[in-house]
1. Please specify each residue of the stretch 1-18 satisfying the condition of being out of contact with any strand residue (DSSP E or B) (no Cβ under 7 Å at 6 or more places or on another chain), touching a residue at least 12 places away in the same chain (Cβ under 8 Å) and assigned to a loop (DSSP other than H, G, I, E, B).
2. Hey, residue 39 hits all of (1) in contact with a strand residue (DSSP E or B) (Cβ under 7 Å, 6 or more places away or on another chain); (2) more than 17 Å from residue 78 (Cα to Cα) but one; which does it fall short on?
3. Considering only residues of the stretch 19-41 that are assigned to a loop (DSSP other than H, G, I, E, B) and touching a residue at least 40 places away in the same chain (Cβ under 8 Å), which is nearest to residue 87 (Cα to Cα)?
4. Suppose the filter is within 22 Å of residue 7 (Cβ to Cβ), assigned to a helix (DSSP H, G or I) and out of contact with any strand residue (DSSP E or B) (no Cβ under 9 Å at 6 or more places or on another chain); does residue 79 pass it?
5. Would you confirm whether or not the stretch 42-65 contains a residue that is within 22 Å of residue 7 (Cβ to Cβ), more than 11 Å from the chain's Cα centre (by Cα) and assigned to a helix (DSSP H, G or I)?
């Protein structure tokens, strides 16, 4: 809620060091908040790094630390990553998009049933 939004607002970046996920919701929340995300390849959200909104690394402490340090030294890159991640989140992952997707799915399933 509000506390999480406040934390994201004040964060320089978000680190998601997951070892296994289907798709990291917290990485999506960070991206939607406009902050750059360091995430492991095991987060299941390579789309974020593909668009330039995140930096995907192996789930190893050294790689994660190196990514954090490197990004903190590049504020312009962090700003651009935040903008790209937010654009991805607002383009593909809004409640409205999810509702349209599910309505289309339900309609398709109903038509197939007939």
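1. Across the stretch 1-18, the qualifying residues are 11, 12.
2. Just one mismatch for residue 39, condition (2).
3. If we filter the stretch 19-41 for residues that are assigned to a loop (DSSP other than H, G, I, E, B), which is where we start, we get 19-24, 33-36.
From what is left, the residues that are touching a residue at least 40 places away in the same chain (Cβ under 8 Å) are 19, 33-36.
Numbers: 19: 26, 33: 10, 34: 8, 35: 11, 36: 12 Å.
Of everything passing the filter in the stretch 19-41, 34 is nearest to residue 87 (Cα to Cα).
4. On the way: within 22 Å of residue 7 (Cβ to Cβ): yes; assigned to a helix (DSSP H, G or I): yes; out of contact with any strand residue (DSSP E or B) (no Cβ under 9 Å at 6 or more places or on another chain): yes.
Considered against the rule, which asks whether it is within 22 Å of residue 7 (Cβ to Cβ), assigned to a helix (DSSP H, G or I) and out of contact with any strand residue (DSSP E or B) (no Cβ under 9 Å at 6 or more places or on another chain), residue 79 comes out as yes.
5. Checked the stretch 42-65: at least one residue is within 22 Å of residue 7 (Cβ to Cβ), more than 11 Å from the chain's Cα centre (by Cα) and assigned to a helix (DSSP H, G or I).
Since every read-out is calculated from the coordinates, none of them should be taken as a lab result. What you are looking at is a predicted structure, and each value in this text was computed from that prediction instead of being measured. Note that we place each Cβ from the backbone using ideal geometry, even for glycine, and neighbour counts take in every protein chain shown.
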